[in-house]
Every structure is written in structure tokens, then in C-alpha cells.
Amino acid sequence: MRTDVQPAIATSAPLEQGRSSRPWFWLGIGVAAVGLLAGIIFGITSYQDSQQQLDTFARMSVPGTMAVQIDEPGTQVVYYEGETAVIDDMVIGIIDPAGAILTIAPFEGELIYETTKLTQGRAIASFEADQSGAYEVEVSGGDRGQITIGESFSRIALPGVIAGLAIAGLSVIAGFVLWLFAIVRD
């Protein structure tokens, strides 16, 4: 009897290394990187566009009077550009196109913007423009600064910024899922 013979052991074929998940890994990294960059660029560009739109708002020196053309009815915001100490001394009166005196409400919350010319503005009041047309605005009591009237800056700026953040966030999530898929396949 021979004692040097090894017993036969059933083995499976060696694992195939050709099934590489490396492309999925790099695709996940690429999707996350490109989407993150695209989302950030979109958000920044949208914010800069909204800053340029601020330059189109009607402006007047304080004290003074001006006609403000409102094309779309809705809530309008009165902003002040200048020293904040002067705000308490100002009296603002607005007459709609039909000649009615409008009620002006103090602005609830804090809304501050900065234009492309680095002028800072602060929301101080709001009013409802029920119709399109020329609104007469009169400001007295202050001796410096400017009044600006237009839409809420947050309504102008936020949609684009939120969309940019959503693009960036969803791209990172999609890239992470592809990256996980690559790990699970190995």
C-alpha cells in the first residue's frame, strides 16, 4: 500500500478576473465630479444673473419722488441702499395707477442683497401692486441714500441657486451609487 498518494480534492475553477468593475468605479467618480462642478457653476451663474437683474430696479435718491412702472401685479419690495440709521426717519407714500393710496407694510424678516456694483440694499417695506401701470412713490424724512423698488430678491435668486444645489447633490448621490455598484461587483 502506498502512503505518499494525496487524496483527490474537488476544487472549483479559479475566479475569473476579467469581470472588472473598474469602468463603473470611474463612471461613478466622473458623474459625481462633473455633476458637482455643473451644479456649482449653474448656482453661481444664476445668482450673478439675479444680481444683474437688481440693476434694472427703479431707483431714486432720498428724499424724492418717482414713477415706478410695474408690469406684473404682485408683492413689491421697497429696498433702501445707504446707511441703516436713516431708515427710521423715512416716510414712504405710494399711489397706484388708479390714484388710491396704498398700505405699506414693514418688511417681515431680513433680506439683504448686493449688486454687481457692490451696493448693498436692505428690504424695508412691501406693498401689493394689484394692477400693472405707473405707481407714484414719494419718500421724505431721509437725507441720503436711495430707494429701490422691485420684486423680492429671494424670488429672483433662490430658484437658480436651489436648482444648482440639487444638480450638485443628485450628481454626487448618483456617482456614489455607481461607485457602490462597482464595489459590490468585485
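The values are calculated or read from the model by the stated rules, or taken from the named source; none is laboratory data. Quick caveat, the model's predicted, so the values are computed rather than measured. As a convention, Cβ positions derive from the backbone with ideal geometry for all residues, glycine included, and neighbour counts pool all protein chains shown.
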Looking only at segment 97-116, count how many residues are under 16 Å from F153 (Cα atoms) and either in contact (Cβ under 8 Å) with a residue 24 or more places away in the chain or of a type in the set (F, W, Y) (or both).
6
In segment 85-109, the residues that are modelled with pLDDT of 90 or more, at negative phi and not β-branched (V, I, T):
G93, D96, P97, A98, A100, L102, A105, P106, F107
Subset of segment 114-135 [of a type outside the set (S, T, Y), within 17 Å of Q69 (Cβ to Cβ) and touching a Pro at 6+ places or on another chain (Cβ under 9 Å)]
E128, A129, D130, Q131, G133, A134
Selected residue (only one of V139, V177, V172 is in the same structural domain as I44 (by TED's automatic domain parsing), farther than 28 Å from Q48 by Cβ and not aromatic (F, W, Y)):
V177
Matching residues in segment 148-164 - criterion: being surrounded by fewer than 19 Cβ atoms within 10 Å (Cβ to Cβ), at pLDDT 85 or above and over 18 Å from A38 (Cβ atoms):
E151, S152, L158
Out of I70, I167, I124, I95, I need the residue that is surrounded by fewer than 17 Cβ atoms within 10 Å (Cβ to Cβ) and among the β-branched types (V, I, T). Which one?
I95
Would you pick out the residues in segment 45-56 that are out of contact with any helix residue (DSSP H, G or I) (no Cβ under 9 Å at 6 or more places or on another chain) and under 13 Å from I149 (Cβ atoms)?
T56
